[in-house]
2 protein chains.
Amino acid sequence: MDKNLKRMATMQRMQVTGLELFYKKGYYNTSIDDILKELSLSKGAFYHHFESKEDFFVQIVQNLIVRKMYTMLIEPIEGHDNSLDLITNCFENALETAVHNELDFGFVLGNFINEFNGKNPEIMKHLNDILKIWEVNLVAAIQRGKFNGYIDRHVDSEGVAVFVMSAYIGIRIFMVENAPSARKYRFMSQLRQYFKSIQAKPETV
Amino acid sequence: MDKNLKRMATMQRMQVTGLELFYKKGYYNTSIDDILKELSLSKGAFYHHFESKEDFFVQIVQNLIVRKMYTMLIEPIEGHDNSLDLITNCFENALETAVHNELDFGFVLGNFINEFNGKNPEIMKHLNDILKIWEVNLVAAIQRGKFNGYIDRHVDSEGVAVFVMSAYIGIRIFMVENAPSARKYRFMSQLRQYFKSIQAKPETV
DNA sequence: GTTTTTACCGACCAAGTGGTCTGTCATAAG
DNA sequence: CTTATGACAGACCACTTGGTCGGTAAAAAC
């Protein structure tokens, strides 16, 4: 029992540090030794707990990235308030953590999709699954918004979802290095403008 | 004289193939040998023409990427027609080449910014310069649009530029693998929606 | 108390990596 | 014709990579 706890603790430490370094330096550009050095652990420890570097990463995706996405981007947009407000607030918060250079979901994912695209189909599948989950939940939120009378019934829910996701992933790349805070402000302001244009018109039915 | 021509031709071949592979597999994940193998050239040839891998890449950025950006994203939005139409058409074309998996500018840049961020400040400087050039030209186009009465004078030109650039870079990442053509269509449709919301209102002034 | 299992160590390996260096051969200059 | 030079070849080097494997010590199981 105690052994199992220790095992979990060590694996968790490795995964957290692993994600941090993979995110900062990229997967292929981060060696297992880099991670191990950070934790003062040895190769033996690593291969005792994980089959391979790839297996290690997949577990990080499933344990850390998926959970982060749920807490940051999915749970906040559930509920029956105005979907557009929920999404706006959600992005506001997510981008704020991004400004402080913490691990937010968008850039992490954008990063890795870039990196693995065309190279590692196995990992790409996992990453695409995550995107898909986000998309599905966004579409659902938008359809709730239509149903509840907040969003114009004529808009294409999937289109809005794709557009909004693109914008979010894009701004995260764009916030790198240059005045992230100012860019966040400008971005959010235009997002609101866009949302205003798809909200339910008073005169419509 | 003839020697110089041959030199230029070989360097050009190396750069074109280099960009192709760097784009497909990433900079750090593409070895010089990979490029050389593709061209049936030797290490000697490479280091005869370029100082280092980094120097090689910087030259690719300056010779190929910058030029591609001008022809794809800057020249098409110059002129005094409706800026929003110009940008729309420009994106339509750029994304169409993207659908066919050719080298379009947006993803190439997004890719590399992701890859070099935090790792190679020297190269990041070059990449950020390119983004800046694009941004400046977009802002200029939007301001022309205001001046010519196509765009609502109250909108924040820089905000629109940031938003539009984000969306473009984002959709390019998002078009990877999953139904790029359908996503392009949905994206463009929402972009038009957004543009409609910032165009000059008939009743204004 | 002995045996088995678990967590971890670290030397080692083969396969690459960016980069160097000597050599060769065609062309151009003298 | 001789000489110098530029374009390329490819063996080589130091180093890093992901991964292996025999060992050790402590805790669990018996």
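FYI, it's all coordinate maths here, none of it is from the lab. Everything numeric in this text was worked out from a predicted model, so none of it was measured. Every residue, glycine as well, gets a Cβ built from its backbone with ideal geometry; the counts of neighbours run over all protein chains shown.
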query: Distances from A:Tyr70 to the same residue in each other copy, label points 7 Å out along Cα→Cβ, in nm, shortest first?
result: 5.2
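Per residue of B:118-128, count partner chain C-beta atoms within 10 Å of its C-beta, then hand back the mean as an integer. Kindly include the intermediate steps, with their values, before the conclusion.
Values: counts 7, 4, 0, 1, 0, 0, 2, 1, 0, 2, 3.
Mean shielding count: 2.
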message: Against the 2.2 N^0.38 Å scaling, with N counting residues, where does the protein assembly as shown land? I'd like the Cα-based Rg ratio to two decimal places.
response: 1.06
task: With +1 on each Lys and Arg Cβ and -1 on each Asp and Glu Cβ, and nothing else charged, work out how big the dipole of the protein assembly as shown is about its Cα centre, in Debye to the nearest 20.
output: 240 debye
message: Placing the label point 7 Å from Cα along the Cα-to-Cβ direction, what are the distances from B:Pro202 to the equivalent spots in the other copies, shortest first, in nm to one decimal?
response: 1.9
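Counting only helical runs of four or more DSSP H residues, what would the 222 nm mean residue ellipticity of chain B come to if each run contributes -39,500 (n - 2.57) and the total is spread over all its residues?
-23000 deg cm²/dmol
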- prompt: Of chain A, which part is the longest with no trypsin sites (Lys or Arg not before Pro) in a loop (DSSP not H, G, I, E, B) and with at most 16 other C-beta atoms within 10 angstrom?
  reply: A:1-118
- prompt: Assigning unit charges at the beta carbon (Lys, Arg +1; Asp, Glu -1) and nothing else, what dipole magnitude in debye, to the nearest 20, does the stretch A:112-205 show about its Cα centre?
  reply: 340 debye
query: Which of the residue pairs A:Lys53/B:Lys119; A:Lys24/B:Lys132; B:Lys43/B:Lys68; A:Lys146/A:Lys196; A:Lys201/B:Lys196; B:Lys68/B:Lys184 have a Cα-Cα distance greater than 18 Å in the structure shown?
result: A:Lys53/B:Lys119; A:Lys24/B:Lys132; B:Lys43/B:Lys68; B:Lys68/B:Lys184
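Charges at C-beta only: +1 for Lys and Arg, -1 for Asp and Glu. How large is the resulting dipole of chain A about its Cα centre, in Debye rounded to 20? Mind showing how you got there, number by number?
Numbers: 24 positive and 25 negative charges, 38 e Å.
Roughly 180 debye for chain A.
Within 10 Å of each Cβ of A:191-202, how many other protein chain Cβ atoms are there on average?
3
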message: Taking 20 °C and 1.002 mPa s as the conditions, I'd like the Stokes-Einstein D for the stretch A:6-52 in µm²/s, using the Kirkwood hydrodynamic radius from alpha carbon pairs.
response: 201 µm²/s
field: Shielding score for A:28-39, defined as the mean number of other chain Cβ atoms within 10 Å
entry: 1
- prompt: Leaving out same-chain residues fewer than 8 places away, which aspartates and glutamates sit with a Cα under 17 Å from that of B:Lys125?
  reply: A:Glu177, B:Glu54, B:Asp55, B:Glu115, B:Glu135
- prompt: Convex hull volume of the Cα atoms in chain A, per residue, in Å³?
  reply: 131 Å³
message: Please list the three semi-axes, largest first and in whole Å, of the ellipsoid equivalent to the stretch B:1-83, using sqrt of 5 times the eigenvalues of its alpha carbon gyration tensor.
response: 29, 16, 10
query: At A:Glu54, label 7 Å along Cα→Cβ: distances to the other copies, nm, ascending?
result: 3.2
- request: Give the Kirkwood hydrodynamic radius (Å, one decimal) of the stretch A:66-152, defined as one over the mean of 1/r across all pairs of different Cα atoms.
  value: 13.9 Å
Range in chain B, longest, excluding exposed GluC sites (Glu not before Pro) [loop by DSSP; at most 11 other beta-carbon atoms within 10 Å]: B:103-202
query: What are the residues whose amide H is under 5 Å from the amide H of B:Ile151, where those residues sit 5 or more places off or on another chain and H is modelled from the backbone?
result: B:Lys146, B:Ala200
